[in-house]
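The values are calculated or read from the model by the stated rules, or taken from the named source; none is laboratory data. Note that this is a predicted model, so its numbers are computed, not measured. Ligands, DNA and RNA are excluded from the accessible area calculation, which covers all protein heavy atoms including side chains. Shrake-Rupley method; radii C 1.70, N 1.55, O 1.52, S 1.80 Å.
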Amino acid sequence: MPIKPKPFVYLCPSCGWRKVVSPKSDALLPGEYYECCPTCGEKSLNREELNSVAKFGVKFFGKFFN
């Protein structure tokens with residue numbers, strides 16, 4: 001049975017690029033996984049869990065944009 005991962009954010013330490021990702025399933029689709037920063041090409045992206053306020057925003061606004 002697939003388990004939906006919790007939303008998270010990718011952060012680039014070089015240029016400050018950030019992307020919030022809320023996967024729909026445990027199989028990541030294009031746009032839900034990054035190996036390098038799409039802006040500057042930095043290879044070492046940081047991945048962090050969202051805080052409770054950001055998680056609420058993803059749940060609330062995700063209903064309108066998904």
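Heads up, I need the accessible area for E42: 1.4 angstrom probe, whole protein in place, Å², nearest 10.
Only protein atoms counted, so the area is about 50 Å².
May I ask you to compute the full-extension gain from K6 to E48, defined as 0.36 nm times their residue separation minus their alpha-carbon distance, rounded to one decimal in nm?
Length difference between fully extended and current span is 14.1 nm.
What ranking of Y34, Y10 comes out by heavy-atom accessible area, probe 1.4 Å, highest first?
Highest to lowest solvent-accessible surface, that is Y34, Y10.
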